[in-house]
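Here's the structure, in structure tokens; my notes come after.
Here, each number is a calculation from the coordinates, and none is a lab measurement. Please read all numbers here as calculations on a predicted model, not as lab measurements.
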Amino acid sequence: MRRATLTAALLVVCAAPPYASPAGGAAAVVGAGDLAGLLAVARLMVIAEAAPGKGEAPGDAAPTAELTAPARVAAGERFEIDWRGPDGPDDYLSLAAAGSAGDAYLEWAPTGDGRPTVLSAPAEPGVYELRYVDGATGEVLARSPLEVAVVDAGLTVPASARAGLRFEVSWTGPDGPGDHIAISRDQAPDHRSYDWAATAIGSPLTLIAPPRPGPYEVRYVRGRSGEVLARAAIEILP
């Protein structure tokens, strides 16, 4: 195509000088047989043909992003997401149900908080999706599937403890936001407790035994739902 254009340019120049640059430059006066002039005009033609059109300027490529996250977490578990992206003023990471609209979310965090980003898995097991969302356009620039699995929790407590004294509890569990270990009267409602300690303290932790002797129960309690994931009996002695 360029060879044909160049040939046409040479014919036009030989037939009817002067020739004006299609790029809007100054006219170039070329005489028949003026090889240098012909080459100069040809160069102008090639430059004009190669010039980018509207919307084709360098640097206009669509923004992209990338997510690095676990494929499977326990329900309620806090987990990290590493990301790469444009980090626009309103960009954010979100956690949403798989197949939901791009602007839907169950939890989110702005990219302005830095890397990595920490989110909490939903309490309900199932298939979800992590997303990098362009805050200016609402476009999802990156996606990563996430499976939320049924959570396991466990408690190790002494068979008995003295009233009013501290005793040690070891635990395993999701350590989600607000999760805690509590001691309650045996058969008491799940939301009632005598003493409690946040799982964020770590394992083991200590609780204070109630002042009244009798049968009690140590419980692992979910912070968001109040669900009891594990129970262990303990006898409080005088």
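In terms of its C-alpha gyration tensor, the range 88-133 has an oblate overall shape, because the principal axis ratio a/c (a ≥ b ≥ c, square roots of the eigenvalues) is not below 1.5 and a/b does not outweigh b/c.
Judged by the ratio a/c of the largest to the smallest principal axis of the C-alpha gyration tensor, the range 154-237 counts as prolate, that ratio being 1.5 or greater while a/b is larger than b/c. For Glu139, nonlocal amide neighbours, meaning residues 5 or more places apart or on other chains whose placed amide H falls under 5 Å from its own, are Asp134. Using the empirical formula 2.2 N^0.38 Å as the baseline, the Cα radius of gyration of the range 66-149 reaches a ratio of 0.98. Phi angles across the range 108-121 convert, under the Karplus curve 6.51 cos²θ - 1.76 cosθ + 1.60 with θ = phi - 60°, into 3J(HN,Hα) values of 8, 8, x, 5, x, 6, x, 10, x, 9, 10, 10, 10, 5 Hz, Gly and Pro given as x.
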